[in-house]
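Undergrad: The structure under discussion is supplied below as structure tokens; questions concerning it will follow.
The values are calculated or read from the model by the stated rules, or taken from the named source; none is laboratory data. Keep in mind it's a predicted model, so treat the numbers as computed, not measured. Heads up, the Cβs are rebuilt from the backbone with ideal geometry, glycines too, and the neighbour counts pull from every protein chain shown. Note: areas computed on protein heavy atoms with side chains; ligands, DNA, RNA excluded. Shrake-Rupley method; radii C 1.70, N 1.55, O 1.52, S 1.80 Å.
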Amino acid sequence: LHVHYLLAATIGFIVGLAITYVLSNKYVFGESKLKSKKADFIAFALIGVAGLGMLNLLMWLLTGGFNVNYIVSKIAATVVVYLWNFFARRALYKS
């Protein structure tokens, strides 16, 4: 689509955040430790924003700094950020 890789990553993040929040609450983690849905979503989103920063930094370093193909950079960064998001968000939920 000839979209800059960082913009594409950001758009993917926004869409993914909404979908992931709904599915995580319904199917993956269950009941949140937080009392408020608003606080729950904000914490969930902040973890995602940190993940987005990590994704963009890793892609910038790999693609811009080390001249790695952007698709390879995206795959590597996605694996790292996936692990961050899962374990950080798991801490928000009751076991």
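Undergrad: Students sometimes get this wrong: rank Tyr27, Tyr21 by accessible area, probe 1.4 Å, all chains present, largest first.
TA: On the way: Tyr27 160, Tyr21 30 Å².
Reading off the accessible areas and sorting them downward yields Tyr27, Tyr21.
Undergrad: Out of the trypsin sites (Lys or Arg not before Pro) in the stretch 35-95, which ones are loop residues according to DSSP with at most 16 other C-beta atoms within 10 Å? Don't skip to the end; give the middle numbers.
TA: Values: sites: Lys35, Lys37, Lys38, Lys74, Arg89, Arg90, Lys94; in loops: Lys35, Lys94.
Those that pass, being in a loop and sparsely packed, are Lys35, Lys94.
Undergrad: Right, another one. At 1.4 Å probe size, with the rest of the protein present, what percent of the exposed accessible area of the chain is carbon and sulfur atoms?
TA: Working: 4770 of 6490 Å².
Here it works out to 73 percent.
Undergrad: Tell me, what ³J(HN,Hα) does each residue in the stretch 83-89 have, in order and in whole Hz, if you take phi through Karplus 6.51 cos²θ - 1.76 cosθ + 1.60 with θ = phi - 60° and put x for Gly and Pro?
TA: 4, 4, 4, 4, 6, 5, 6
Undergrad: Quick check on the chain: helices-only [θ] at 222 nm, where DSSP H runs of length 4 and up contribute -39,500 (n - 2.57) each and the sum goes over total residues. Nearest 500, please.
TA: Helix contribution divided over all residues of the chain: -23000 deg cm²/dmol.
Undergrad: Another question, if that's okay. How about Lys35: which lysines have a C-alpha closer than 26 Å to its C-alpha, ignoring those fewer than 8 places off in the same chain?
TA: Lys26, Lys94
Undergrad: Quick query: amide H of Val68 versus all other amide H atoms, modeled in the peptide plane; which residues come in under 5 Å with a sequence gap of 5 or more or a different chain?
TA: Close amide H contacts, sequence-distant or interchain: Thr63.
Undergrad: Ordering Leu55, Leu34 from largest to smallest accessible area (1.4 angstrom probe), what's the sequence? Intermediate values should be presented prior to the final figure.
TA: Numbers: Leu55 15, Leu34 70 Å².
The residues order as Leu34, Leu55, largest area first.
Undergrad: State, to one decimal in nm², a quarter of the convex hull surface area for the C-alpha atoms of the chain, i.e. the direction-averaged projected area. Walk me through the numbers on the way to the answer.
TA: Numbers: hull surface 24.7 nm².
Value for the chain: 6.2 nm².
Undergrad: Under a 1.4 Å probe, what is the accessible area of the chain per residue, stated in Å²? Show your work: numbers first, answer last.
TA: Working: 6490 Å² over 95 residues.
The answer is 68 Å² per residue.
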